[in-house]
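Asks: The structure that follows is given in the form of structure tokens.
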Amino acid sequence: MRGCPMGTMTEELAAPEGAGGSDGQCLLYGGGEWTRIPSPVSGEGDWDKAVAEAGYQEFFGSGDPDSNYVTIHLYRGPSNYLIDLSSNVSSEIVYAATLPDAMDLLAKWMPVVSSASLGCLLTELDQGESALGQLIVKAVGKQ
């Protein structure tokens, strides 16, 4: 289940000093500050359907869930941007007020996604399992 779960690491880090849980609200990043908003997306049922029904359309995605452990997806919505940072263990959903705010968060998180993707690619190349690895071996063999 995705959504804005209570008490996640992201919420705890962003909570003002002395603040406890989020009362089921989501984090919105705007102008360098974190605030809480009611969830624009229902956390129940089919996530992709709930995102679409809330008016969000995928704008950007990076990482392959089948070949690495971290992915990030950005969705453009009616009044903000939804950012889904997922791993093979968990998923964190946050919102950005504007595209520049979303780009600020992406700039902070993309190195993690890129590093995971590169690490998986290097492992696949070393094991000769990926199509790219097989292509490289074939190309090197022709020289």
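Asks: For region 1-27, enumerate the residues that are modelled with pLDDT of 60 or more and open to solvent by less than 30 Å² (accessible area, probe 1.4 Å).
Replies: Residues satisfying the conditions are G3, C4, C26, L27.
Asks: May I pose another question? Please determine whether any residue of region 41-53 is modelled with pLDDT under 65, open to solvent by 40 Å² or more (accessible area, probe 1.4 Å) and part of a loop (DSSP other than H, G, I, E, B). Show your work before the answer.
Replies: Taking region 41-53 as the starting set, the residues that turn out to be modelled with pLDDT under 65 are none.
Checked region 41-53: no residue is modelled with pLDDT under 65, open to solvent by 40 Å² or more (accessible area, probe 1.4 Å) and part of a loop (DSSP other than H, G, I, E, B).
Asks: Still on this structure, please answer the following. Does G77 qualify as being open to solvent by less than 40 Å² (accessible area, probe 1.4 Å) and at pLDDT 75 or above?
Replies: Working: open to solvent by less than 40 Å² (accessible area, probe 1.4 Å): yes; at pLDDT 75 or above: yes.
Answer is yes for this residue.
The values are calculated or read from the model by the stated rules, or taken from the named source; none is laboratory data. This structure is a prediction, so every number in the text was calculated from the model and none was measured. When the accessible area is computed, the model is the full protein with side chains, heavy atoms only, and any ligands, DNA or RNA have been set aside. Shrake-Rupley method; radii C 1.70, N 1.55, O 1.52, S 1.80 Å.
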